[in-house]
1. With a ≥ b ≥ c the root eigenvalues of the C-alpha gyration tensor of segment 322-409, is it rounded (a/c under 1.5), prolate (a/b larger than b/c) or oblate?
2. How high is the relative contact order of the chain, given as a whole-number percent (alpha carbon pairs under 8 Å, six or more residues apart)?
3. In whole Å, what is the distance between the alpha-carbon centres of segment 210-273 and segment 62-96?
4. For the chain, restrict the atom set to alpha-carbon positions and state the Rg and Dmax in Å.
5. Here is the link list: Lys148/Lys265; Lys308/Lys389; Lys54/Lys265; Lys155/Lys207; Lys54/Lys174. Which ones come out longer than 20 Å on Cα distance?
6. Please state the relative contact order of segment 209-288 as a whole percent: Cα pairs under 8 Å, 6+ residues apart?
7. Given a 1.4 Å probe and every protein chain left where it sits, what share in percent of the accessible area of segment 304-370 is carbon and sulfur?
8. Specify the inter-centroid distance of segment 339-411 and segment 291-315, based on alpha-carbon positions, in whole Å.
Amino acid sequence: MQDIFQPEVRLWQHIEALIRSEMETFAYREIRTPVLEKTELFVRGVGGGTDIVKKEMYTFSDKGDRSVTMRPEGTASVVRAVNEHGLLNAGEPVSKYYYIGPMFRYERPQKGRLRQFHQFGVECFGSDSPFVDAEVIQILYNILTKLKLSDISVKLNSIGCPECRPVFRQNAEKYFGAVKDKLCVECNERINTNPLRIYDCKTPSCKENITGAPVILDHLCEGCSQHFESVKRALAQIGVPFVIDARLVRGLDYYTRTAFEVTSKHLGAQDALGGGGRYDDLVSELGGQKTPAIGFGMGIERVVIAVKTQNIDLGLGSGLRAYVVPLSRNEAEYAFKLLDILRKADISAQMAVSEKKTGVHFKDAEKAGADFAVIIGEDEIKNGTLTVKDLRKRSQQSVSEAELAAYIKNN
Ligand code: AMP
């Protein structure tokens with residue numbers, strides 16, 4: 001779990017502002033759900049056989065002896081909330097929600113993998129249209145490209161529906177049964193319970209044996225196949241590049257049909273920036289009406305790492321524009337008035353309050369990340385002008401008090 005502070009926190013704020021603006025454009029509305037939920041929600045929603053539920057949840061009994069869990073992901077909570085508050089229409093207009101917030105997973109920490117991390121996620125309820133799939137994938141792609149991230153790859157797959165799974169399962173059971181001596185203990189259990197999970201296993205010998213395994217993409221029913229073709233066409237139409245990855249299954253049990261993930265070449269082992277998929281049966285499994293839905297989760301820490309690793313200049317700066325420096329105690333009151341003038345003009349400003357040598361004040365101003373130092377000495381007060389030093393250009397200019405705010409705004 002990590003503390004996040006200056007200057008990195010500005011990048012976080014920038015990413016969050018970009019998300020909110022993009023969400024306005026795509027007509028998604030924010031939803032804020034609690035961090036704690038009943039444990040049962042995730043066992044039912046995420047799936048009892050997943051690593052998240054089996055190994056990674058922060059679960060404890062509260063003082064009322066109820067088993068509660070700090071949310072490991074956002075979708076189950078959003079589905080619970082929309083069911084509970086009757087926020088779902090059976091059809092159109094579709095209900096579109098997004099969230100930004102902390103998630104908790106007791107995983108082995110490494111670069112890009114934390115125990116408290118933050119996700120931005122979207123959930124769209126009420127339509128099984130392939131255009132909705134394309135829209136959701138486009139949102140993730142847009143945000144990452146607006147952050148100037150390059151070398152990202154959108155991986156796309158379909159993992160079918162309850163109609164196409166039985167034949168796939170038979171073939172997968174046959175295939176994995178024949179190589180079961182080479183699979184880990186857990187995957188041996190998965191052969192008959194949930195063979196899709198084997199595709200996600202990180203054990204080297206399992207990974208080797210997945211290469212030749214049957215994939216669900218070759219077993220799609222007519223409906224799933226048509227849906228997948230339409231999603232691909234819609235993505236091509238709006239210029240979202242993608243590659244088909246027939247082995248992409250995602251780590252959660254609730255997906256049906258479309259599954260996708262966006263990866264970055266700059267992240268090392270934990271290379272997924274975000275991922276999601278369609279979950280047409282989850283709302284009803286969690287007690288609601290049958291409602292088709294799709295969503296994704298994006299890891300903000302990973303996006304931050306990718307932006308920093310690629311040295312992307314988003315022009316953020318420190319945000320501080322003016323550092324007001326009274327040269328002695330005699331100018332302090334005037335400096336305080338000036339500080340107020342700047343702030344009333346919505347200019348981010350700070351004032352030096354201790355007496356120091358002028359050169360040291362300049363160093364402080366730079367350390368604080370200010371664009372300008374505004375110097376007030378005896379002469380400045382006498383002449384009614386201020387010395388404004390541009391700390392980026394290393395130039396200096398005399399500016400009158402009346403013009404100061406406009407000068408800073410325009411430079
Ligand atoms: P998931 O729902 O597990 O696919 O997670 C969605 C996204 O959240 C991933 O693509 C990552 O970017 C991010 N993420 C998941 N787990 C972690 C973690 N432990 N630490 C940091 N980011 C994570």
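The values are calculated or read from the model by the stated rules, or taken from the named source; none is laboratory data. The structure presented is a predicted model; accordingly, all values stated were derived computationally and were not measured. Side chains are part of the model used for accessible areas, which takes the heavy atoms of the whole protein and leaves out ligands, DNA and RNA. Shrake-Rupley method; radii C 1.70, N 1.55, O 1.52, S 1.80 Å.
1. The shape class here is rounded.
2. On the way: 712 pairs, mean separation 63.2, N = 411.
The normalised contact order for the chain reaches 15 percent.
3. Measuring centre to centre over Cα atoms gives 26 Å.
4. Computed over the Cα atoms of the chain, radius of gyration and Dmax are 27.2, 92 Å.
5. Working: Lys148/Lys265 14 Å; Lys308/Lys389 30 Å; Lys54/Lys265 30 Å; Lys155/Lys207 18 Å; Lys54/Lys174 26 Å.
In this structure, Lys308/Lys389; Lys54/Lys265; Lys54/Lys174 lie more than 20 Å apart at Cα.
6. Values: 56 pairs, mean separation 18.1, N = 80.
Taking the mean separation of contacting Cα pairs over the length of segment 209-288, I get 23 percent.
7. Details: 1960 of 3820 Å².
Here carbon and sulfur together make up 51 percent of the probe-accessible area.
8. 37
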